[in-house]
Amino acid sequence: MKTNPPVAFYREEWPKDFPKVILNAPVGEAARHPDYYAAKSGDLEAAIRLTSDLINKEAIAKLAVIINTKKPLLIPVHAEEAISINQIPLAYAIAIGLEFDLPIEFNIVQAARVNRTGSNGFTRLAFPPPFAGTPSNVSEYAIIFDDTLTQGGTLANLCGYVAQFGIETIAATTLTGKNYSSVLAITDETLILLRDKYHELEQWWINSFGYGFTKLTESEAKYILNTKKNADEIRDRILAEKQEGFDGKNDSYI
């Protein structure tokens, strides 16, 4: 097992057969729950109550098929307390751990504040969350957890980070999310369109983020395409988001 990679954002190319993100409820459902704000503010008991109310049997059944006889680590998007105190991903992982008698990994943490809740697509592209830490458990496989799914960038970075330890992510799941974002692996069709329209942007993307278009999620790529902006406008907008983040909204790690 590999050890001690740097604190960084890092991505692997998604396998084309990677399953869709398993969702439990639509976006906004958690925010209507009476325990939502307490759960986002660090109350684990509130997060457990919220999670218990939103988990559905269909999601459990899908996870059961993927897990089968494997014993994957359950890795939530879990941040150091100074960075984030959102307890919903951890509560969700705890619930699944109890359901399937699987270990939860606490040592891998989000390593910078990115304040992505309610942010626009360009902010999410500009600030891919980095992760840090060495797994305390030994496993070939992992399932990764977050509270909600928008563009899938956080899941992509977490999947890439744990791959550096030789751990294969076999599923990703969130408590809420957008169905159209549940396909994480960029499709061949979308990649062709992206490179056709923004071929001169890809090298800049590699220099800025450490990965090219093949490692974007399908939703990230479609967001770029749907902006109808040219390459210079895309680049300038992301740089502007970074500068705004450096001025106080997000930790400076890019």
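Readers should treat all values here as calculations from the given coordinates under stated rules, not as data from a laboratory. Every value quoted in this text rests on a predicted model; they were computed, and no experiment measured them. Cβ: placed from backbone, ideal geometry, glycine included. Neighbour counts: every protein chain shown.
Summary of values
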| item | result |
| --- | --- |
| Label-point gap, in nm, between LEU193 and LEU98 - each point 7 angstrom along Cα→Cβ | 4.3 nm |
| Acute angle (nearest 10 degrees) that the helix 88-100 long axis makes with the longest principal axis of the chain, alpha-carbon atoms | 50 degrees |
| Fully extended contour minus Cα-Cα distance, from LEU239 to VAL27, at 0.36 nm per residue | 73.5 nm |
| Size-normalised alpha-carbon gyration radius of the chain, reference 2.2 N^0.38 Å | 0.97 |
| Virtual spin-label span in nm between ILE60 and SER136, 7 Å along Cα→Cβ | 2.7 nm |
| On Cα atoms only, tilt of 153-163 relative to the major axis of the chain in degrees | 70 degrees |
| Rg to Rh, two decimals, where region 188-249 supplies the alpha carbon set and Rh follows Kirkwood | 0.98 |
| Folded to 0 to 90 degrees: helix 231-244 orientation relative to the chain principal axis, Cα | 60 degrees |
| The chain: relative contact order as a whole-number percent, Cα under 8 Å and 6+ apart | 26 percent |
| The chain - charge dipole about Cα centre, Lys and Arg +1 at Cβ, Asp and Glu -1, debye rounded to 20 | 280 debye |
| Protection proxy ranking of 134-144, 217-227 - average other beta-carbon atoms within 10 Å, highest first | 217-227, 134-144 |
| The chain: most fluctuating residue of ASP147, ASP43, ASP236 per GNM, C-alpha cutoff 10 Å | ASP236 |
| Structure-based [θ]222 nm, the chain - -39500 (n - 2.57) summed over DSSP H runs of at least 4, per residue, nearest 500 | -11500 deg cm²/dmol |
| Projected area, mean over directions - region 156-228, Cα convex hull, nm² | 5.8 nm² |
